[in-house]
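FYI, it's all coordinate maths here, none of it is from the lab. Just so you know, these numbers come straight off a predicted model, no measurement behind them. For neighbour counting, all protein chains shown are included, and Cβ atoms are generated from backbone atoms with ideal geometry for every residue, glycine included.
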Amino acid sequence: MTLVSVITPSYNQAAYLEQTMLSVLSQDYPRIEYIVIDGGSTDNSVDIIKNYANQLAYWVSEKDNGQADAINKGFARVTGDVIAWLNSDDYYLPGAVSAAVKIFDERPHVALVYGNMLAVDEHGKTFNTLNYKQLTLEDLLCFQIIGQPAVFMRRSVLGNLKLDSKFHFLLDHDLWIQIARRGNILHINQTWAAARYHAAAKNRAKAAEFGREAFRILEKIKQDENLAPILAGIDRRARASAHRMDARYLLDGGQSAAALSAWMRALTIHPPTALARMNLFVSAILILLGFGKLREKILKQREARYQR
């Protein structure tokens, strides 16, 4: 039976860590190697980890150089044929691991498999389901996003790849690109995990930083002899996609004018890419015209419809 290695990097997330750990430990799949790499938390995270230490393959709490470093430490210790990491404020849904293993068993050519993902708030209340689609390497180069908590990888394809410590926000996306160059990625239309959106999470607290890293990823790809020719063939779409991503996260970060400018740059470079996310343009305009509360009301109405 396939051994699955799951890594949880953690730092001062005691409010959510136990739910994360239990979501792994309570999976119905019997062969899970669970590793927790804590960055020297100063809250009661270590006490929580110790409570489950006898169910862990390895754990440590020591100062590190950030999320990428913590996960790479985990990569260095895993022995499973399938690898995943689950951040300390996210969690798996029941049956996620067994579902992923089934796909790998049935499709030996697949290097990475990903499912759909719930978006939940700090209280664990679901406010959206993020349904993804089948992506290609070109789509990834154009910043079509995969929900990281719902990703599982083959160790044989991951090989010597590591997370690039120069990235702090799109480090996962950079890795997916490298894996997609080595093998096939596959989307499964099942919901496997939940990502938590809260004030301290990177996707909220430092939203404006994501776009900057998109441009840095493009520069990195241009230096890669294997990926540069592929990028050259979709250059305008890729650059416009980076600006569109910048617009999205600037909007999330409360920088509406900057978001509008970024969206307009995307429109200038590759109109279809910008026009596919007209909602960014409309939201930025509404906020700049003083109708931000109207936008929030519309969004809340959508959430309420989802909850019913």
Glu219/Ala57 FRET efficiency (R0 35 Å; Cβ-Cβ; nearest 0.05): 0.40
Please check which bits of the range 133-154 a label hung off Asp28 would reach, taking the label as a point 7 Å along Cα-to-C-beta and the cut-off as backbone N under 20 Å. 150-152
Please name whichever of Gln178, Tyr114, Met264 sits farthest to the positive end of the charge dipole of the chain, dipole taken about the Cα centre and charges placed at Cβ: Lys and Arg +1, Asp and Glu -1. Met264
Calculate one ³J(HN,Hα) per residue across the range 25-30 by plugging θ = phi - 60° into the Karplus curve 6.51 cos²θ - 1.76 cosθ + 1.60, and present them in order as whole Hz with x for glycine and proline. 5, 9, 4, 7, 7, x
Return the FRET efficiency for the residue pair Asp43, Arg77: r is the Cβ-Cβ distance, R0 is 25 Å, and the value is rounded to the nearest 0.05. 0.55
Once you sort the root eigenvalues of the Cα gyration tensor of the range 94-177 as a ≥ b ≥ c, which label holds: rounded (a/c under 1.5), prolate (a/b larger than b/c) or oblate (the other case)? oblate
Among Leu186, Leu141, Leu286, whose mean-square fluctuation peaks in a Gaussian network model of the chain (Cα, cutoff 10 Å)? Leu286
I'd like the chymotrypsin sites (Phe, Trp or Tyr not before Pro) in the range 208-294 restricted to DSSP loop residues with at most 15 other Cβ atoms within 10 Å, sorted by number. Phe291
Stretch gain in nm, segment Lys102-Arg155, where the contour uses 0.36 nm per residue and the Cα spacing is subtracted: 17.5 nm
For the pairs Lys162/Lys222; Lys102/Lys125; Lys125/Lys162; Lys102/Lys133; Lys63/Lys166, flag any whose C-alpha to C-alpha distance is greater than 26 Å. Lys102/Lys125; Lys125/Lys162
Going by amide H atoms built from the backbone, whose H comes under 5 Å of the H on Tyr29, apart from near neighbours? Ser98
Rounded to whole angstrom, the alpha-carbon centroid of the range 4-67 lies from that of the range 152-183 at a distance of 21 Å
Correct option for percent of Cα pairs over 25 Å apart [calculated from the coordinates] among [x] 62; [y] 51; [z] 55: [y]
Enumerate the calculated ³J(HN,Hα) couplings along the range 126-138 in order (Karplus 6.51 cos²θ - 1.76 cosθ + 1.60, θ = phi - 60°), each rounded to whole Hz, writing x wherever the residue is Gly or Pro. 6, 10, 6, 10, 9, 9, 8, 9, 5, 10, 10, 4, 4
Using Cα centres only, tell me the gap between the range 218-278 and the range 69-148 in whole Å. 24 Å
In terms of the alpha carbon gyration tensor, root eigenvalues a ≥ b ≥ c, rounded if a/c is under 1.5 and otherwise prolate when a/b exceeds b/c or oblate, the range 77-118 is oblate
Label-point gap, in nm, between Asn184 and Ala257 - each point 7 angstrom along Cα→Cβ: 5.1 nm
